[in-house]
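S.K.: The structure is given below, and queries will be raised subsequently.
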Amino acid sequence: MSTDPHPASRPQLILIPGLLNDAGLWRDQLTGLAGLADCRVADITRGESMQALADSVLADAAPTFALAGFSLGGYVAQEIARRAPQRIERLALLDTAIRPDTPARAALRRSHEQLVRLQGTFNAFGDRMLDTYLAPAHRHDEALIGRIRAMTSRLGSEVFLRQSGLVREDGAAVLQSLDCPLLIACGEQDLLTPLAAHREMAALNPRARLVVIPDSGHLAPMENPSAVTQALADWLHEPGEPCRPGVSHARQTPA
């Protein structure tokens, strides 16, 4: 994680990237939120289980912190909330999910893993997946695509196979139990983790605020960085106490 010579001056914000993402995913948020928080990007490339990843993040974190997880990082954030809710001041989940893999989704993951093992690299597979990850308007943005390819190249097939094999657990009960500012954000054109699923997530807790990121697919922090940065800034400004578990919330009307 990054270091800050004056960590006590601002709250700590831990940003957790997704599958085959690193700090490059959060480049614009790291700059845009620097005046509001001590921003640190978690490394989730080495653990063999979701629990191990959560423990590694907690080991490097301040006693209490704000937590934002993107995609796979959202599942890691949910595991952190399951293990140490009292340390989380506020939680943001971006372009992610709270449900375990369906049999069909699990089978798709295994087929992707087999393809990567045969190729020995993630690059060709990643190129074919760009239409799934990006909104139509960004599918020919060479600068953006170059950043994405650079991340996959830095991390490689070994990290992909390790992260793809992680067991995604149901996080609905965790989300329902938290009592702190909750941000649920989703790219308007996210095909991988659709907006409808994020509406379901937001409906589980009355503290949740749903933000739809326009002109964006799954990679919202990179596709529309200013909107994501603004959503996180607003969330950081919301008054609140550290998360208190044990109270089950139910919202009767959808977000």
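S.K.: For the chain, what does the helix formula give at 222 nm: sum of -39500 (n - 2.57) over DSSP H segments with n ≥ 4, over the residue count, nearest 500 deg cm²/dmol?
M.R.: -13000 deg cm²/dmol
S.K.: Where q = 0.14 Å⁻¹, what log10 of I(q)/I(0) comes from the Debye formula for region 134-234, counting one point per Cα?
M.R.: The calculated log intensity ratios at q = 0.14 Å⁻¹ are -0.68.
S.K.: Also, I was wondering about something else. Could you give the C-alpha radius of gyration of the chain expressed as a fraction of 2.2 N^0.38 Å, taking N as the number of residues it contains?
M.R.: 0.95
S.K.: Report the FRET efficiency, 1/(1 + (r/R0)^6), for Thr31 and Leu161, where r is their Cβ-Cβ distance and R0 is 25 Å, rounded to 0.05.
M.R.: 0.20
S.K.: Can you give me the relative contact order of region 1-122 as a percent, contacts being Cα pairs under 8 Å and 6 or more apart?
M.R.: Value for region 1-122: 25 percent.
S.K.: Relative contact order for the chain: what is it in percent, counting Cα pairs under 8 Å that are at least 6 residues apart?
M.R.: Reported as a whole number, the value is 23 percent.
S.K.: Cα centroid distance between region 6-69 and region 199-213, in Å?
M.R.: Measuring centre to centre over Cα atoms gives 22 Å.
S.K.: Right, something else. Using only the alpha-carbon atoms, how far is helix 103-119 inclined from the longest principal axis of the chain? Give it as 0 to 90 degrees, nearest 10.
M.R.: The angle comes out near 50 degrees.
S.K.: Within the chain, what's the longest stretch lacking trypsin sites (Lys or Arg not before Pro) that sit in DSSP loops with no more than 13 other Cβ atoms inside 10 Å?
M.R.: 140-255
S.K.: When all protein chains stay in place, what accessible area (Å², nearest 10, 1.4 Å probe) is found for Asp55?
M.R.: Asp55 has an accessible surface of roughly 70 Å² with all protein chains in place.
S.K.: Using a Förster distance of 35 angstrom, determine the FRET efficiency expected from the C-beta separation of Glu238 and Arg117, and round it to 0.05.
M.R.: 0.20
The values are calculated or read from the model by the stated rules, or taken from the named source; none is laboratory data. A quick note: this is a predicted structure, and the numbers were derived from the prediction, not measured. Cβ atoms come from the backbone with ideal geometry, glycine included; neighbour counts cover every protein chain shown. Note: areas computed on protein heavy atoms with side chains; ligands, DNA, RNA excluded. Shrake-Rupley method; radii C 1.70, N 1.55, O 1.52, S 1.80 Å.
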